[in-house]
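The values are calculated or read from the model by the stated rules, or taken from the named source; none is laboratory data. Bear in mind the structure is a predicted one, so any value in this text is a computation, not a measurement. For neighbour counting, all protein chains shown are included, and Cβ atoms are generated from backbone atoms with ideal geometry for every residue, glycine included.
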Amino acid sequence: MRSSDVAVMAAGSTATAVDVVGATKIFTVAKGAQVIALDTIDLSVAPGEFVSLIGPSGCGKSTLLRLIADLDQPTTGSVTVFGKSARQARVDQDYGIAFQQAGLLPWRTVAGNIELPLELHGTGKTARKARAAELLELVGLTDFADRYPEQLSGGMQQRVAIARSLAESPKLLLMDEPFGALDEMTRERMQNELVRICAETGAAVVFVTHSIPEAVFLSDRVVVMSPRPGRIVDVIPVALGAAEDRDDDLREAVGFFAAVSAVREALHGTPAGGAAGASAARGVETR
Amino acid sequence: MRTSTSRTRAILAPVIFGLAVLVIWQVAVVVLGIKPYVLPSPINIGGQFTKAFDTVWAGTRVTGFNALIGLILGAVTGIIAAIISALARVFDEIGLPVITAASVVPIVALAPVLYTMFGAGAETARQLIAALAVFIPVYVNSLRGLRQVKPVHRDLMRAYAVSSWQVTRTVTLPGAVPFIFTGLRIASSLAVISALIAEYFGGPIDGLAKSITSAASYSNYTLAYAFVLGAILLGLVFYMVTLALEKLATRHRPSLS
């Protein structure tokens, strides 16, 4: 029995948040050459579960996320989101999404950016304003509502992007290396905030990263992928405790290091003992 | 403080240079005894400009109004055509060769034909010539801007599952604003130049260019230069107003360069 099946059963739910079955993605590049970005991927994510996708560059983790978001379509296989096709889920706005670049609209204020999806989907002005105020409070940017993105730091912009992804209270969050461009300190603070936000909203999350500690700190399960062709090599259950217990102390706890070692072993296929430390970090950040 | 010094310098340098040119011009005319019909001195031109200000102003108003109508007409149609081209590939494929052909046509060459078409007593021909001249840079720059959508914004809009018109309205068009204004800035001078040159080919006898011709034909060269000064000022006003609008519209963005 695969560990993903266990997680789904543990969650005790009939409809999974995400169900990827035998998904393969082949890109045709120049001169008709083909690249297998993803090779028969199976993955289930339970409602409210936090799953990280980790692996070196080119392992297809972002592609897998794009398939779930229906930004790309699988060559073969199927992607189901809350029991419907990925396309239908996108049309129904069942997920919120955040990318490595914040992707804010520079001509809109912070509040205007957060309201964007609500505005596009026809939410009234008063309701929009109220929701934006709520989200600004959640990401701690209430004082910056009327600022423009260029006046904000990278970390603040990313917080706005996360608030925007939460605007329509989605039950699924798709995040493609949202903290990838941030400095280490900002990054850890953002991780703490994300854990809190997820606990408050109860959303399932699929989180793409290439940082092992980040994956371990945030996730219920870490999906380890390998490149050429993109495959899932291992799924490691982490779940280091309830959200309210996950603070900076956890980053120094024994369980945390054990999980980091386990993910590292899965990534490199070697025991992460003292000697193996040197071989760590091949295309993957271990900080 | 450094920026304010460099800004002062950026303003001061051309002003000093301009004044120096005027001084040299004045001295040269006086010292070399250049006849006014060859080249009047700046002081004489300035004097004539103040003396005949009402006439110059009347001419400037006519030419300026033609240029403004042309600028608005050409800009609106240029932007709309660019939006249609950006949305529908077919129009883009039809549009490109037409625009390339149109950009080669010396538009003022159409003036005599247009005067016949709309009657020599109307300003319509002049306004249309200005509009045609404006259309091309506005269209080309707007279309370029409309194609500059960032991949992250495209993904975001696809994730939002909105119509292509909504994408245009919320992302593509606002994103193209700096490019549209670059086109408008080029077009603003073109509008004045075209409206002015069109007057040389016929039509009513009230614009700046007509006044320059008639002043010259009466051997009143200083007055002719006073009208030229009016034309220069008109061109500057058009340019500066569009520049100010551009700065206003793009004040929250990182610079394009």
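Structure summary
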{"quantity": "Hits in the stretch A:84-129 (condition: crowded, with 18+ Cβ neighbours inside 10 Å, outside the structural domain of A:Val208 (by TED's automatic domain parsing) and of a type in the set (Lys, Arg))", "calculated": "A:Arg108, A:Arg128"}
{"quantity": "Filtered residues of the stretch B:92-150 (kept if among the basic types (Lys, Arg) and within 16 Å of B:Glu199 (Cβ to Cβ))", "calculated": "B:Arg126"}
{"quantity": "Single condition A:Leu64 does not satisfy, out of (1) closer than 29 Å to A:Ala46 by Cβ; (2) without any contact (Cβ under 8 Å) to a residue 60 or more places away in the chain; (3) away from chain B (no Cβ under 13 Å); (4) part of a helix (DSSP H, G or I)", "calculated": "(2)"}
{"quantity": "Single residue of A:Val79, A:Val35, A:Val110 found to be within 30 Å of A:Pro237 (Cβ to Cβ) and more than 10 Å from every other protein chain (Cβ to nearest Cβ)", "calculated": "A:Val79"}
{"quantity": "Cross-chain or 6+ apart pairs with Cβ under 8 Å, the stretch B:225-240 first and under 17 Å from B:Ala215 (Cα atoms) and touching a residue at least 12 places away in the same chain (Cβ under 8 Å), then of a type in the set (Gly, Ala, Ser) and not in a helix (DSSP H, G or I)", "calculated": "B:Ala226/B:Ala52"}
{"quantity": "Test: residue in the stretch B:156-177 that is more than 30 Å from A:Leu67 (Cα to Cα) and either touching a strand residue (DSSP E or B) at 6+ places or on another chain (Cβ under 8 Å) or within 14 Å of another protein chain (Cβ to nearest Cβ) (or both)", "calculated": "yes"}
{"quantity": "Residue among B:Gly207, B:Gly183 that is out of contact with any Asp or Glu (no Cβ under 7 Å at 6 or more places or on another chain), crowded, with 20+ Cβ neighbours inside 10 Å, touching a residue at least 40 places away in the same chain (Cβ under 8 Å) and within 25 Å of B:Val76 (Cβ to Cβ)", "calculated": "B:Gly183"}
